[in-house]
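Shown next, in structure tokens, is the structure this report addresses.
The values are calculated or read from the model by the stated rules, or taken from the named source; none is laboratory data. The structure presented is a predicted model; accordingly, all values stated were derived computationally and were not measured. When we count neighbours, we look across all protein chains shown, and the Cβ atoms used for this are built from the backbone with ideal geometry, even at glycine.
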Amino acid sequence: MANAIEPDEGRSRAAQELLKGIWRENPVFIAVLGLCPAMAVTNSLLNGIVMGLATMFVLMGSSLLVSMLRGVIPKQVRISVFIIIIASFVTTVDFVLQAIAYEVHKEIGAFIALIVVNCLILGRQEAFASKHPMKLALADAVGMSLGFALALTMIGGIREILGNGSLLGVPLLGDSFEPWVIMILPPGGFLTLGLLLTIFAWFKARAKARAALETKELSHV
Amino acid sequence: MSERPQPPSPQPPSPQPASPGPMGAGEPSSLRLVFSLGIAGLLAGLLLVGVFLGTKPRIDQNRAEALQRAIVRVLWPDGDPNEAHRIESRVLRDGRLVTPEGPLAAGERVAYLGFDAEGQPLGYAIPAAGKGFQDDIELLYGFDASSDRIVGFEVLAHRETPGLGDKIEKDAAFVGRFRSLLVLPQIDAVRSGEGDQDFEVECITGATISSKAVVRILNESMQLWRPAIHETSGVASANPSAPGRP
């Protein structure tokens, strides 16, 4: 019986793993992982998007490969092998970005190499990809990286609008707007992230309170 | 990984009960661990060599194009940056400029000589770098030897404070000042609103250090290049009042 419903269950499981990373277990807003790139490069929307995409490529590639090789990699050297795999993908991204988007690379190139040490990526290999089949590992990687890219896009967008009065380099707020320079400086990253974390925590607390209320009412009925 | 530095023995003592590895065969031998890492490293190395070789032509082309566009922008500030111009490189060697043949020696400095439509030398695009507020500022500027003026200016790379120091490349008035700036006796950075001489640059309010850094970099670079350029092109170098071109 279990076999009969397996494909269906597998699909929904994959969808679950994909969705959890975007919202419920968002790597930046909920798990508070990978903050170094989330702060360092998000002084403009474009930089946030490119960093999100680069991380997505690395995470998906590494998760697939780690999941594929999970029966082959000896447990004792798994972290080293994960790092080799991740570093290979990161270096690939670095070269490819230089080849296709030279101007962007000039701006955030220094941070691309640092994707290797993004704890989000190694964390997903250790906690998920090395223990699950490829389909689930890929779903998890896509979800987590989408969540990460979403977070970087939000932070980058907010900081660029307030700090530069523009979005994707297009002036939005006119000449009378005095840019909040601090928003594109490092403190702006902390301020924006702090505010977004507060908002996420508030949503979470409200949902929890409502759920608790509903159970209470139900029990009264 | 090297908690137990000892020669490979047939039976490595395991401090804890052998947890079944992924192969399910207990503790794997050190040889197998070394082998796995070696294979992983080898494959990763091969992959990266492939990626490097595959992207290199494109990356080199991107670099060359970026430099080419910058040269065109500083020598033909009013022209179309994508227009083709005749540009040759010149190396600074023993106080003279020579046409480079073969690969450059390490540390040799290169400038780019642009020619106008009639094939006459128009001016030099000279890269220069120096300490800014936070990190090195890299510049490229156009120099017209016949008038001893800087005729174009571009910041190639900088790490100045966004919103303040980065005005050295965004402030239209500041950048525009380098469209015709006398370099004799030397460029002078003055306070905003006080520049009335041909060789004076008004500092940007809020970016004084960065502005002064730019001026210092240009002066140092001119000290190095200007005598060599005049020496090579045969223009008398001791001519403090060279007529400015209209």
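For segment A:167-184, which positions are touching a helix residue (DSSP H, G or I) at 6+ places or on another chain (Cβ under 8 Å) and in contact (Cβ under 8 Å) with a residue 12 or more places away in the chain? Spell out how you get there, then give the answer.
The first filter runs over segment A:167-184 and keeps only residues touching a helix residue (DSSP H, G or I) at 6+ places or on another chain (Cβ under 8 Å), leaving A:167-169, A:172-173, A:179-184.
Passing the criteria: A:167, A:168, A:169, A:173, A:179, A:180, A:181, A:182, A:183, A:184.
So for segment B:143-164 (the condition being hydroxyl-bearing (Ser, Thr, Tyr) and without any contact (Cβ under 8 Å) to a residue 60 or more places away in the chain), does at least one residue qualify? So that I can check it myself, show each step before the final result.
Pass one, segment B:143-164, residues hydroxyl-bearing (Ser, Thr, Tyr): B:146-147, B:161.
Then drop every residue that is not without any contact (Cβ under 8 Å) to a residue 60 or more places away in the chain, which leaves B:161.
Yes.
In segment B:73-93, which residue that is under 20 Å from residue B:103 (Cβ atoms) and touching a Leu at 6+ places or on another chain (Cβ under 8 Å) is surrounded by the fewest Cβ atoms within 10 Å (Cβ to Cβ)? Step through it out loud before you land on a result.
First pass over segment B:73-93, keeping only residues under 20 Å from residue B:103 (Cβ atoms): B:87-93.
Imposing the further condition that a residue be touching a Leu at 6+ places or on another chain (Cβ under 8 Å) reduces the set to B:87-92.
Numbers: B:87: 16, B:88: 12, B:89: 14, B:90: 21, B:91: 16, B:92: 18.
Among them, the one singled out is B:88.
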Residues being more than 9 Å from every other protein chain (Cβ to nearest Cβ) and more than 15 Å from residue A:72 (Cβ to Cβ) - total across segment B:33-49: 2
Residue under evaluation residue A:136, criteria (1) modelled with pLDDT of 90 or more; (2) within 13 Å of another protein chain (Cβ to nearest Cβ); (3) more than 30 Å from residue B:158 (Cα to Cα), criterion not met: (2)
Test for residue B:189: is it assigned to a strand (DSSP E or B) and touching a helix residue (DSSP H, G or I) at 6+ places or on another chain (Cβ under 9 Å): yes
Selected residue [modelled with pLDDT of 85 or more, within 14 Å of chain A (Cβ to nearest Cβ) and touching a Leu at 6+ places or on another chain (Cβ under 7 Å)] from B:128, B:70: B:70
Unique match (being closer than 17 Å to residue A:74 by Cα, at the interface with chain A (Cβ under 8 Å from one of its Cβ atoms) and modelled with pLDDT under 75) among B:22, B:12, B:17: B:22
Filter result (charged (D, E, K, R) and surrounded by fewer than 17 Cβ atoms within 10 Å (Cβ to Cβ)) within segment B:217-236: B:220, B:231
Scope segment A:170-193; condition part of a helix (DSSP H, G or I), modelled with pLDDT under 85 and in contact with a Leu (Cβ under 8 Å, 6 or more places away or on another chain); matching residues: A:181
Out of A:163, A:156, A:169, A:189, sole residue that is within 14 Å of chain B (Cβ to nearest Cβ) and either on the phi > 0 side of the Ramachandran plot or among the β-branched types (Val, Ile, Thr) (or both): A:169
Residue A:81 being facing chain B (nearest Cβ under 7 Å), part of a helix (DSSP H, G or I) and either β-branched (Val, Ile, Thr) or over 19 Å from residue B:42 (Cβ atoms) (or both): yes
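Does segment B:181-197 contain at least one residue that is in contact (Cβ under 8 Å) with a residue 60 or more places away in the chain, surrounded by fewer than 21 Cβ atoms within 10 Å (Cβ to Cβ) and in contact with an Asp or Glu (Cβ under 9 Å, 6 or more places away or on another chain)?
So in segment B:181-197, the residues in contact (Cβ under 8 Å) with a residue 60 or more places away in the chain come out as B:182.
Imposing the further condition that a residue be surrounded by fewer than 21 Cβ atoms within 10 Å (Cβ to Cβ) reduces the set to B:182.
Checking the rest, the ones that are also in contact with an Asp or Glu (Cβ under 9 Å, 6 or more places away or on another chain) come to B:182.
The answer is yes, given that some residue of segment B:181-197 is in contact (Cβ under 8 Å) with a residue 60 or more places away in the chain, surrounded by fewer than 21 Cβ atoms within 10 Å (Cβ to Cβ) and in contact with an Asp or Glu (Cβ under 9 Å, 6 or more places away or on another chain).
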Residue A:89 within 14 Å of another protein chain (Cβ to nearest Cβ), in contact with a Ser or Thr (Cβ under 8 Å, 6 or more places away or on another chain) and under 24 Å from residue A:70 (Cα atoms): yes
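Is it the case that some residue within segment B:139-157 is assigned to a loop (DSSP other than H, G, I, E, B) and closer than 30 Å to residue A:109 by Cβ?
Pass one, segment B:139-157, residues assigned to a loop (DSSP other than H, G, I, E, B): B:145-148.
Checking which are closer than 30 Å to residue A:109 by Cβ leaves us with none.
The answer is no; no qualifying residue exists.
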Lone unmet requirement of (1) closer than 20 Å to residue B:89 by Cα; (2) more than 9 Å from chain A (Cβ to nearest Cβ); (3) assigned to a helix (DSSP H, G or I) for residue B:53: (1)
